[in-house]
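Engineer: Provided herewith is a single structure, encoded as structure tokens, for subsequent inquiry.
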Amino acid sequence: MAEHYLTSPLTDANIKALHIGDTVYISGQVFTCRSRLQKYIFDEGNTLPFSTEDRNVLIHNGPIVIRENGEWRLVSFMPTSSIRFEKWGADSVEKWGLKMIVGKTTMGKKTAEMMKEKGCVHVSPRSVSPNLWIDSIKVEKVHLFDELGSIEAAWFFTLDKLGPFIVDIDSEGNNLFDTLDGDIAERKRKALAGLGIDSEFEFTKLY
């Protein structure tokens, strides 16, 4: 598996070079998003108050940020589970021109199909290290703070080699977690057969 150091905004060439299982470190300009922002834009018909042309990397994240001496200070950061936002995933990729979504776990079929069509990938953290990553993140500014609140607002970050992340959906529509599920199912089948256990067995019920 290859290792990539990428800088946002990402290009089509950057994305085509990524394959499931590859490791990615991200630098450059990104923005954050959770469910309230997507609902505000896609369900309620509001306009995104900024351009995503120069920051086509979206992080599913609700950071903890405080105001100190007239500046924003990041207290804690960790990508959240992306599958929760599957309802808006395809629209986000298409309408915001995304090349990469960063979030825990993965996304569903509809989003993966749009990623394949538009040239976009999904990456997941290789570790859970929220406060170790803070030094790699600079807070630029925030949009929709009053409308959505601190956690759900769209934060602008500049990253410096943030990672490592693993590519779990590539621009060909391949999904690492689907592959792993298949591998696990096959290993389970072989293990049960080797132990002489019927594959239709049920776990013991205590109550």
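The values are calculated or read from the model by the stated rules, or taken from the named source; none is laboratory data. If you're wondering where the values come from, they're calculated on a predicted model, not measured in any experiment. Here Cβ is always computed from backbone atoms with ideal geometry, including for glycine, and neighbour counts include all displayed protein chains.
Engineer: Can you name the residue in segment 129-146 that is of a type outside the set (Phe, Trp, Tyr) and assigned to a helix (DSSP H, G or I) and, of all such residues, is farthest from Thr158 (Cα to Cα)? Please lay out each step first, then the result.
Structural biologist: Residues of segment 129-146 that are of a type outside the set (Phe, Trp, Tyr), as a first pass: 129-132, 134-144, 146.
Now drop any that are not assigned to a helix (DSSP H, G or I), which leaves 134-136, 146.
Details: Ile134: 11, Asp135: 11, Ser136: 8, Asp146: 22 Å.
Applying the filter and picking the extreme gives Asp146.
Engineer: Can I ask one more? Thr106: of a type outside the set (A, V, I, L, M, F, W, C), in a helix (DSSP H, G or I) and buried (at least 16 other Cβ atoms within 10 Å of the Cβ), yes or no? Break it down into steps so the answer makes sense when it comes.
Structural biologist: On the way: of a type outside the set (A, V, I, L, M, F, W, C): yes; in a helix (DSSP H, G or I): no; buried (at least 16 other Cβ atoms within 10 Å of the Cβ): yes.
No: the conditions fail for Thr106.
Engineer: State whether one or more residues within segment 37-55 are among the basic types (Lys, Arg), within 13 Å of Leu144 (Cβ to Cβ) and either at pLDDT 95 or above or not in a helix (DSSP H, G or I) (or both).
Structural biologist: Just the residues of segment 37-55 that are among the basic types (Lys, Arg), to begin with: 39, 55.
Next, only the ones that are within 13 Å of Leu144 (Cβ to Cβ) stay: 39.
Now narrow it down to the ones that are either at pLDDT 95 or above or not in a helix (DSSP H, G or I) (or both): 39.
So far as segment 37-55 goes, yes, one or more of its residues are among the basic types (Lys, Arg), within 13 Å of Leu144 (Cβ to Cβ) and either at pLDDT 95 or above or not in a helix (DSSP H, G or I) (or both).
Engineer: Considering (1) β-branched (Val, Ile, Thr); (2) farther than 18 Å from Leu162 by Cα; (3) in contact with a His (Cβ under 7 Å, 6 or more places away or on another chain), say which one Thr111 fails and leave the rest.
Structural biologist: The number of the failed condition is (3).
Engineer: Filter segment 131-146 for residues that are crowded, with 17+ Cβ neighbours inside 10 Å and farther than 20 Å from Gly70 by Cβ; which is farthest from the chain's Cα centre (by Cα)?
Structural biologist: Among those residues, the one meeting the criterion is Leu144.
Engineer: Any idea which of Gly89, Gly62, Gly28 is touching a residue at least 60 places away in the same chain (Cβ under 8 Å), outside any strand (DSSP E or B) and either surrounded by 13 or more Cβ atoms within 10 Å (Cβ to Cβ) or of a type in the set (A, V, I, L, M) (or both)?
Structural biologist: Details: Gly89 fails: touching a residue at least 60 places away in the same chain (Cβ under 8 Å); Gly28 fails: outside any strand (DSSP E or B).
Residue meeting the stated conditions: Gly62.
Engineer: Got at least one residue in segment 62-81 being modelled with pLDDT under 95, among the polar types (S, T, N, Q) and closer than 16 Å to Asp168 by Cα?
Structural biologist: yes
Engineer: Do we have any residue at all in segment 147-157 that's part of a strand (DSSP E or B) and exposed (fewer than 15 other Cβ atoms within 10 Å of the Cβ)?
Structural biologist: Just the residues of segment 147-157 that are part of a strand (DSSP E or B), to begin with: 154-157.
Within this subset, residues satisfying the condition of being exposed (fewer than 15 other Cβ atoms within 10 Å of the Cβ) are none.
Checked against the condition, which is being part of a strand (DSSP E or B) and exposed (fewer than 15 other Cβ atoms within 10 Å of the Cβ), segment 147-157 yields no hits at all.
Engineer: Now for a separate question. Only one of (1) in contact with a strand residue (DSSP E or B) (Cβ under 6 Å, 6 or more places away or on another chain); (2) among the hydroxyl-bearing types (Ser, Thr, Tyr); (3) more than 21 Å from Ser8 (Cα to Cα) fails for Thr32. Which number is that?
Structural biologist: (3)
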